[in-house]
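First the structure, in the form of structure tokens, and then the observations on it.
Taken together, the values in this text are just the output of simple stated rules run on the coordinates, not laboratory data. On a predicted model such as this, the values are computed, not experimentally measured, just so you know. Neighbour counts run over all protein chains shown; Cβ positions are idealised from the backbone, glycine included.
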Amino acid sequence: MNSTTRRRFLGTTALVGAASATGVAGATASSAQGRGPAATDAGPPVVPGSVQYEDLSRGVNRRWAGTPDWIRVPRTTEQVVAAVQKAVDSGRRIAVRSGGHCFEDFVSGPGVRAVIDLSALDSVEHDPRRRALAVGAGARLGQVNEQLFKRWGVALPAGACPTVGIGGHISGGGYGPLNRLHGLTVDHLLAVEVVVVDSSGRARAVIATRDKNDPRRDLWWAHTGGGGGNFGVVTRYWFRSPGAAGADAGRLLPVPPKELLVSSVVWPWDALDESSFSRLLRNYGAWHVAHNGAGDPESDLYSHLAVFHRSGGAVALNVQLSTQRGNPERRLERFLAEVGRGVGVAPKTVERGRFPWLLSTQWAGFADRPTGKRIKGKSAYHRRTFDAPQTAALYRHLTRTDYAHPGSGVLIAPYGGQVNTVAADATALVHRDSALMLMYISEWTDPAEDERHIAFLRDLYEDVYAPTGGVPVPGASTGGAYINYPDIDLRDTSRNRSRTGWQELYYGGNYPRLQQVKKRWDPRDVFRHALSVELPGLRGGRR
């Protein structure tokens, strides 16, 4: 794997990615951060012609460029309330940006006239009154990892890409390398502060918690996987692991491994035929199905199998595991042997080493921000390993000779473990019985090639899931899709030919409950986008 290929693979893997109960339940927005004389001084809005406008009207995905009338960069919850009120009073449609990594145009669509950029709300603090760790919704994952670990020696089981904003990441569920060991990020969510708009059009900030006696608990629940941009503007999260006791901040969240063994190996495409390719994918999936239980001795092992078009040169496997469990070198070799059994092609080691935990979060080139990239993404959960028609479809498209682009393919990662110990209705994220998470993705730079790359990814995805109408319908083999990798094609009945709508693919049986939360907290449908939760009675109809 040459250096350019390695950077692309590692950069793409990055896109795959907490007071006593009584005290929190009684909290209101009066405890919001930033009170004082400066709390209402947000500075002038960014408008067309402002020097910042070009930067702030776009996210990471360069397919989209917004044209809002104004962009606000609030530093306090009060300033967010004021910005939302201005937009509502003037009839401007609102969108919210945290890190700007959305695959679709939810923030940059032509109907969006007011953007609230949360990047200045990036504090990471210990809240002793709530016995929780509080994180501003504009903080980036790299910053959160660093602050939590350096100051208190703890970690959130969140995504790996350091430039992703925590605002949308948490709202969609929060998936990352520590999930099989410690569950999803939202499994540690204690409370959320949200700016909402009532039926009269009044904006206000409220705090909702997981306390069973909290009258606002439904709003907390909706932010445990209901997706961003649905109910209001999140300004802050509080985290405390279930069962965590005491006031010591170092005991409120999981302690990460002190050291990780990390490895990258590749199987050259030139050495793989359809049979060996199929065996490799089926082995990888079978291993994770076999080791999918909570408390499995290998639950600390996390990997990405990057299966991109053969023009990239190789199928790559990135692995990390704790050095504090058994013999890490032997465990790694055993895993690689099982994945490679019967493939007939020995993998080539590209890199291997031991790294302390915080450094390991940066090891895999995760700091590479995909500047200038145009992106299309799709997702799928798999409950079983790959079947023969699925691997045949993947091989057929990834070896096409009429299309050669190394930035298109699928990233396969483990799921389950501790994630699957939580009931499907305990959080808004319903996916609690899968073994694998797949992200289909294409990245490119030339706008003239948009149609070509999007068409390839659509054909690949729809062929893999052709027996179920071109989408991963929940069933024996597959388990739906992940809202943090949004894909508007799932709304299109010419592409989604199943009888399962996007609502079920993303939310399963939790969707009607999310609609009721929407009705209570956003009755005017102020916060909306192409895949946002619909008000009851509007299913499949609006926009």
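Quick notes on this structure:
- Averaging Cα coordinates gives a centre for the stretch 61-138 and one for the stretch 280-325; these two points are 35 Å apart.
- If the segment from Glu351 to Leu538 were pulled out straight at 0.36 nm per residue, it would be longer than the present Cα-Cα gap by 62.1 nm.
- Sequence-distant aspartates and glutamates (8 or more away, or on other chains) whose Cα lies within less than 18 Å of Lys373: Glu54, Asp55, Glu104, Asp105, Glu443, Asp446, Glu449, Asp450, Glu451, Asp487
- Ranked for footprinting exposure by Cβ neighbours inside 10 Å, fewest first, Ser200, Ser322, Ser275, Ser264 give Ser200, Ser275, Ser322, Ser264.
- Were the residues from Asp270 through Arg499 laid out at 0.36 nm apart, the gain over their Cα-Cα distance would be 78.5 nm.
- Using a simple spin-label model with pseudo-atoms 7 Å out from Cα toward Cβ, Leu359 and Ala476 lie 4.9 nm apart.
- Stokes-Einstein D for the stretch 204-247, Kirkwood Rh over Cα pairs, 25 °C, 0.890 mPa s (µm²/s): 208
- If R0 is taken as 35 Å, the Cβ-Cβ distance between Arg204 and Ile488 corresponds to a FRET efficiency of 0.65.
- With one equal scatterer per alpha carbon and no solvent term, the Debye-computed log10 I(q)/I(0) for the stretch 61-212 at 0.11, 0.16 1/Å reads -0.46, -0.95.
- Phi-based couplings in Hz for the stretch 310-324 (Karplus 6.51, -1.76, 1.60; Gly and Pro marked x): 4, 4, x, x, 7, 8, 10, 10, 10, 10, 9, 7, 5, 8, 8
- Calculated P(r) of the chain - Cα pairs past 35 Å, %: 32
- Only DSSP H runs of four or more residues enter the estimate; each adds -39500 (n - 2.57), and after division by the residues of the chain the mean residue ellipticity at 222 nm equals -7500 deg cm²/dmol.
- Modelled FRET efficiency - R0 35 Å, Arg217 with Lys258, Cβ distances, 0.05 increments: 0.45
- Interchain or long-range residues, amide H under 5 Å from Val96's placed H: Ile116
- Dimensions (Å) - the stretch 398-450, Cα atoms, principal axes, largest first: 45, 23, 13
- Electrostatic bookkeeping for Gly326 treats Lys and Arg as +1 and Asp and Glu as -1; over the other residues with beta carbon under 11 Å from its beta carbon, the sum is +1.
- Global dimensions of the stretch 384-543 from alpha-carbon coordinates: Rg and Dmax equal 17.1, 53 Å.
- Our note on the geometry: Cα centres of the stretch 205-219 and the stretch 251-274, 38 Å apart.
- Segments 506-514, 353-361 sorted - mean Cβ within 10 Å per residue, highest first: 506-514, 353-361
- Linear extension gain, Ala65 paired with Asn327, 0.36 nm per residue minus alpha-carbon span: 89.3 nm
- Remark on Arg63: its backbone amide H falls under 5 Å from those of Ile375, a criterion applied only to residues 5 or more positions apart or on other chains, H modelled at 1.01 Å from N.
- Protection proxy ranking of 122-135, 308-321 - average other beta-carbon atoms within 10 Å, highest first: 308-321, 122-135
- Global size of the stretch 482-543: 11.5, 33 Å for Rg and Dmax (C-alpha atoms, Rg to one decimal, Dmax whole).
- 3J(HN,Hα) couplings calculated from phi for the stretch 196-210 with the Karplus curve 6.51 cos²θ - 1.76 cosθ + 1.60 (θ = phi - 60°) are, in sequence order, 10, 10, 7, 5, 8, x, 8, 8, 7, 9, 10, 10, 10, 10, 7 Hz; Gly and Pro show x.
- Considering only the Cα atoms of the stretch 95-150, their convex hull presents on average a projected area of 4.9 nm².
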